[in-house]
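Asks: Got a structure for you, written out below as structure tokens; questions coming shortly.
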Amino acid sequence: MTAGPGAGRSAATGTRGVVAVTVTLCLVQLVDVLGVTVVVTTLPRMLDELGATPGEGTFVVTAYAMVFGGLLMVAARLGDRLGHRRVLLAAVALYGVASVLGAVAGDVMLLTAARALQGAAAAASVPAALRLLTTLVPEGAQRRRAVAAWSAAGAAAGAAGFVVGGVVTEVATWRAVFWLTVALAVGLVVAVRTVLPPDAGADRDVRVPWTSALLLTGGAMGLVAGPTLLAETAATVVGVAVLAAGVAAAAGLVVAERRAAVPLVAPAARASGRLRWGALGSFANTATTSSSATVATLFLQDELGLSPLAAAGALVSVSVLAVVGSALAPRVVAGLGWRRTMGAGLLLVAVANAVLVAWPQPVGVAATAGLSGLGLGASSVAANDMGTSVAEHLRATAAGVLNTAAQLGTALGTAAVLLVATTTSARVAWAVVAVLAAIAAAACAARAAAPGR
């Protein structure tokens, strides 16, 4: 067995070295998170040019998060086994190749495949980049600042995705969004090769639980694709089969995890009530807010005739206020506790969507998006804080579980709510989101009020 990358030493010597490492790895985080939201405001133009249906658009939106969430934890093990810099370089290069496929896609199937490949690349690069950041930057104030910059890059990317997608589509074409990410990927490959030192070694004894990872990804794919296909009259039988396969894969995952010698999630982590509730909160946060925002951009452009840029302007408040909610959250958690804070945040999301049902206008979307973002920020911090309040040796696993839950929440929530929107109306979809968020909020409040909790 050999040491992991950078073991026993810090490659970032001097202030310039630390800054270069931090900037490079934070840019990896920014590009990966940007990929989740950058297609939202450009989606109507994509579907129109490719002659695709709203149901097919669901796959374009959810493929990234679905594969990202399904492969995130196994990708972290892959970095331990092969070397994190090596995995990061391969992942960034794959992101660039996938972006080229998206830019030249002539049909929605190839576009969806490109998005899925981008998600796989993001799944590999995020844990590798974070591991390198916490290895190469010296402990103490420098590392705290680096981790804070990492978090800020993710928050900024969430807000920037709506704007970048809208601006680029408005002044050029939706394909330029993908060409932009090609340029970013090329720049990151150069930066990683220049700034980060070669891996000091890799641990070939690390076992990668591919069976669980494939079952997790397959289950998510079936649960996303099945209901979407059911909405298409000509694909009912296929939809039922795909949905059944997704359910079977999810059930198989449970069995595989219990029997595996090296599971994706350690038994001690599975037994943690804090981690389970943190994961449920992370799932509920993204399932409600991502789905609501996606329905909103389609409604603003298809129903109200707004441009992608105007739609982006209405939606950017969700990410901006999420940063504010995140900043306020520690004080709220100190006063209310984890579960009540999650409940309060989800209640704000529920209220925002309920108001949106009665006020489906650009100003209403902007106002309620901000309220939803405020709740998202508070609830996300509470969920992450609660989920990672486990034994030290379980914290890396806990972080992976929480991020996986968040990405799968985006994929499954968006697929389900878009199905409601396409078969009924945007208002009904927002009402469904309001009810789901309210139920999750009530569950958190009831659990927090239970004796001995």
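Asks: Name the one entry in Trp150, Trp174, Trp179, Trp210 that is in contact (Cβ under 8 Å) with a residue 60 or more places away in the chain, closer than 20 Å to Pro308 by Cβ and surrounded by fewer than 23 Cβ atoms within 10 Å (Cβ to Cβ).
Replies: Exactly one residue qualifies, and that residue is Trp179.
Asks: Return yes when Arg144 is within 28 Å of Gly325 (Cα to Cα), free of Cβ contacts under 8 Å to residues at least 60 places away in the same chain and out of contact with any Pro (no Cβ under 6 Å at 6 or more places or on another chain) and no when it is not.
Replies: yes
Asks: Output the number of the condition that Ala383 fails; it satisfies all remaining conditions of (1) under 22 Å from the mean Cα position of the chain (by Cα); (2) surrounded by fewer than 24 Cβ atoms within 10 Å (Cβ to Cβ); (3) aliphatic (A, V, I, L, M).
Replies: Among (1) under 22 Å from the mean Cα position of the chain (by Cα); (2) surrounded by fewer than 24 Cβ atoms within 10 Å (Cβ to Cβ); (3) aliphatic (A, V, I, L, M), the lone unmet condition for Ala383 is (2).
Asks: Tell me the residue from Ala334, Ala367, Ala354, Ala399 that is at pLDDT below 90, farther than 18 Å from Thr286 by Cβ and in a helix (DSSP H, G or I), please.
Replies: Result of the check over Ala334, Ala367, Ala354, Ala399: Ala334.
Asks: Would you pick out the residues in region 46-57 that are in a helix (DSSP H, G or I) and either farther than 15 Å from Ala296 by Cα or acidic (Asp, Glu) (or both)?
Replies: Selection gives Met46, Leu47, Asp48, Glu49, Leu50, Gly55, Glu56.
Yes/no matrix, rows are residues, columns are (1) surrounded by 23 or more Cβ atoms within 10 Å (Cβ to Cβ); (2) assigned by TED's automatic domain parsing to the domain that holds Arg340; (3) under 17 Å from Met66 (Cα atoms); (4) at pLDDT below 90:
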site	(1), (2), (3), (4)
Val295	yes, yes, no, no
Leu304	no, yes, no, no
Leu309	no, yes, no, yes
Gly313	no, yes, no, yes
Val318	yes, yes, no, yes
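Asks: Here's another thing I want to ask about it. Scanning for something surrounded by fewer than 24 Cβ atoms within 10 Å (Cβ to Cβ), out of contact with any Gly (no Cβ under 8 Å at 6 or more places or on another chain) and either closer than 25 Å to Thr341 by Cβ or of a type in the set (S, T, N, Q) (or both), does region 368-379 turn up at least one residue?
Replies: Yes, some residue in region 368-379 is surrounded by fewer than 24 Cβ atoms within 10 Å (Cβ to Cβ), out of contact with any Gly (no Cβ under 8 Å at 6 or more places or on another chain) and either closer than 25 Å to Thr341 by Cβ or of a type in the set (S, T, N, Q) (or both).
Asks: Please work out if Leu419 is touching a residue at least 24 places away in the same chain (Cβ under 8 Å), of a type in the set (A, V, I, L, M, F, W, C) and either crowded, with 24+ Cβ neighbours inside 10 Å or outside the structural domain of Leu280 (by TED's automatic domain parsing) (or both).
Replies: no
Asks: Sticking with this one: On the basis of being touching a residue at least 60 places away in the same chain (Cβ under 8 Å), touching an Asp or Glu at 6+ places or on another chain (Cβ under 9 Å) and surrounded by fewer than 24 Cβ atoms within 10 Å (Cβ to Cβ), does Pro54 make the cut?
Replies: yes
Asks: Right, here's the next one. Working carefully through the options Ala443, Ala437, Ala421, find the one that is over 22 Å from the mean Cα position of the chain (by Cα) and modelled with pLDDT of 85 or more.
Replies: It is Ala443.
Asks: Among the candidates Leu34, Leu27, Leu47, which residue alone is at pLDDT 85 or above, assigned by TED's automatic domain parsing to the domain that holds Ala105, surrounded by fewer than 24 Cβ atoms within 10 Å (Cβ to Cβ) and under 30 Å from Leu229 (Cβ atoms)?
Replies: Going through Leu34, Leu27, Leu47 in turn, just one is at pLDDT 85 or above, assigned by TED's automatic domain parsing to the domain that holds Ala105, surrounded by fewer than 24 Cβ atoms within 10 Å (Cβ to Cβ) and under 30 Å from Leu229 (Cβ atoms): Leu47.
Asks: Among the listed residues Leu243, Leu264, which satisfies the condition of being aliphatic (A, V, I, L, M), within 24 Å of the chain's Cα centre (by Cα) and closer than 27 Å to Leu78 by Cα?
Replies: Exactly one residue qualifies, and that residue is Leu264.
Asks: Oh, and also: Within region 59-76, identify whether any single residue is surrounded by fewer than 22 Cβ atoms within 10 Å (Cβ to Cβ) and touching a residue at least 24 places away in the same chain (Cβ under 8 Å), and answer yes or no.
Replies: No, region 59-76 contains no residue that is surrounded by fewer than 22 Cβ atoms within 10 Å (Cβ to Cβ) and touching a residue at least 24 places away in the same chain (Cβ under 8 Å).
Asks: Among the listed residues Leu229, Leu223, identify the single one that is within 20 Å of the chain's Cα centre (by Cα), part of a helix (DSSP H, G or I) and under 30 Å from Arg45 (Cβ atoms).
Replies: Exactly one residue qualifies, and that residue is Leu223.
Asks: Got at least one residue in region 293-301 being over 18 Å from Gly57 (Cα atoms) and of a type in the set (Val, Ile, Thr)?
Replies: No, because not a single residue in region 293-301 is over 18 Å from Gly57 (Cα atoms) and of a type in the set (Val, Ile, Thr).
The values are calculated or read from the model by the stated rules, or taken from the named source; none is laboratory data. Please read all numbers here as calculations on a predicted model, not as lab measurements. Note that we place each Cβ from the backbone using ideal geometry, even for glycine, and neighbour counts take in every protein chain shown.
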